[in-house]
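Visitor: My questions will all concern the structure given below.
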Amino acid sequence: MVKIKILRKDLAKQRINRLIDLALKNYNIDKKFSINCIRIAYNIKNKFNLDFPSYFKNLYCKNCFNLLIP
């Protein structure tokens with residue numbers, strides 16, 4: 001049972017990283033898509049009680065999930 005929880009958390013971390021990369025790459029092309037990616041990553045983060053990667057913690061607005069890229 002413990003091994004399954006560890007595997008699920010590892011998969012969740014991979015999904016979060018993939019969604020963050022998609023959001024950062026596609027921000028200039030489609031802003032709504034990147035906001036949606038961040039929102040999904042945030043929901044996964046909350047469901048599995050994880051943290052965002054340290055480089056990403058200050059790159060989005062906590063209220064509206066917009067990327068804060070100058």
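Visitor: Greater than 31 Å separation of Cα atoms is the criterion. Which listed pairs, K3/K45; K3/K31; K9/K32, meet it? Write down the numbers at each step before the final one.
Guide: Working: K3/K45 19 Å; K3/K31 37 Å; K9/K32 27 Å.
Table pairs above 31 Å Cα-Cα are K3/K31.
Visitor: Which residues' amide hydrogens lie under 5 Å from the amide hydrogen of Y60, considering only partners 5 or more residues apart or on another chain, with H built in the peptide plane?
Guide: It is L68, by chain and number.
Visitor: Pick out, from Y27, I38, A12, the residue whose Cα sits farthest towards the positive end of the charge dipole of the chain, with +1 on the Cβ of Lys and Arg and -1 on the Cβ of Asp and Glu.
Guide: A12
Visitor: Quick one: accessible area per residue over the chain, 1.4 Å probe, rounded to a whole number of Å²?
Guide: 76 Å²
Visitor: Rounded to the nearest percent, how much of the accessible area of the chain (1.4 Å probe, protein heavy atoms only) is carbon and sulfur?
Guide: On the way: 2890 of 5350 Å².
The value for the chain is 54 percent carbon and sulfur by accessible area.
Visitor: Order R39, R8 by their accessible area, 1.4 angstrom probe, all chains in place, largest first.
Guide: Details: R39 100, R8 145 Å².
Largest to smallest exposure gives the sequence R8, R39.
The values are calculated or read from the model by the stated rules, or taken from the named source; none is laboratory data. In this text the structure is predicted, and so the values were computed from the model without any measurement. Here Cβ is always computed from backbone atoms with ideal geometry, including for glycine, and neighbour counts include all displayed protein chains. These accessible areas exclude ligands, DNA and RNA; they are computed on the full protein's heavy atoms, side chains included. Shrake-Rupley method; radii C 1.70, N 1.55, O 1.52, S 1.80 Å.
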